[in-house]
Every structure is written in structure tokens, then in C-alpha cells.
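Okay, structure first, notes after.
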Amino acid sequence: MKIITEKKPIRIAVVRCDIVSEVCPGTGCFMAFNKRKMYFKDYDENTEMIAFFTCGGCSGRRVYRLIKSIKKIDVDVVHLSSCMQRRDYQICPNIDSIRKAITDAGIKIIEGTHH
Ligand code: SF4
């Protein structure tokens, strides 16, 4: 009997700022992911982006609910988008509670996407 062992693809999601999403279609995040650059550079070609959603607006109320939802379909890593990280551009006043919603679900966080 032949045994085939396939490596399970890493499954990732991106949470981004709802305010910034009014002016950004998310192309920077997707370009970086598709080319495996910046904060996505360590992923192999089998890595799957399974979700890409905004926080729902201050106070990031949507994150807890959607993290619960994607946890059911298996997710390994959640990126917090670069627009949430740049202090010269946007200071998210709720980033600690957003982080907590993700880490409490037992999911690894990577801080950043494309810049
Ligand atoms: S909670 Fe943070 S990430 Fe969400 S809209 Fe407000 S500033 Fe942006």
C-alpha cells in the first residue's frame, strides 16, 4: 500500500482597519501575499488566505465574532494589517483588545502585512 503524506497548507487571515478600508481596497495586502513579500515572505506557495475582513469600526467589535467563525474552519495565523500598525499614519486605539480577541482564541498573530 502506498502512503502519501502531504503537508497541510498553512491557512491565514488578515484583519484590517475599517476606517482605512474606505480608501483602500486592500491591494497592498494582496500584492504582498501573492508575491510572498514583506510580512508574508516566510510562507510557501501552498499557503492559503482564507479570510480578509475589517474590524467593523471602532471598537473593533467584529473581530471577536469573525475570529470565532474562522476558527471553526481552521486558521493558523492572523495578520493585523499594516494600516493598523503604522503610528505615523493611523494609531488604532483598540489594538490591544483586538489582539486579545485573537490570542484568546489560541491563534498566532503576525503584526503587519505590506509596509
Ligand atoms: S478599531 Fe482600530 S482598526 Fe478598527 S476602525 Fe478603529 S482605528 Fe481602525
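Since every read-out is calculated from the coordinates, none of them should be taken as a lab result. Nothing here was measured: the structure is a model prediction, and the numbers come from that model. Glycine also receives a Cβ, built like all others from the backbone with ideal geometry; neighbour counts cover every protein chain displayed.
The mean sequence separation of alpha-carbon pairs under 8 Å and at least six residues apart, normalised by the residue count of the chain, gives a relative contact order of 35 percent. In this label model, Lys100 and Arg86 are separated by 2.8 nm, measuring between points 7 Å along each Cα→Cβ vector.
Between the listed residues Cys83, Thr103, Cys24, the Cα displaced farthest toward the positive end of the dipole of the chain, a dipole computed from Cβ unit charges relative to the Cα centre, is found at Thr103.
Counting charges near Arg36 (Lys, Arg +1; Asp, Glu -1) among other residues having Cβ under 14 Å from its Cβ returns a value of -1. Model label sites at Lys68 and Asp44, defined 7 Å from Cα along the beta-carbon direction, differ in position by 3.5 nm. If you take the square roots of the eigenvalues of the alpha-carbon gyration tensor of the stretch 11-111 and sort them as a ≥ b ≥ c, do you get rounded (a/c under 1.5), prolate (a/b over b/c) or oblate? Because a/c hits 1.5 or more and a/b fails to exceed b/c, the stretch 11-111 counts as oblate. Remark on Thr54: its backbone amide H falls under 5 Å from those of Arg16, a criterion applied only to residues 5 or more positions apart or on other chains, H modelled at 1.01 Å from N. The dipole here belongs to the chain: it is taken about the Cα centre, uses +1 on the Cβ of Lys and Arg and -1 on the Cβ of Asp and Glu, and is about 220 debye.
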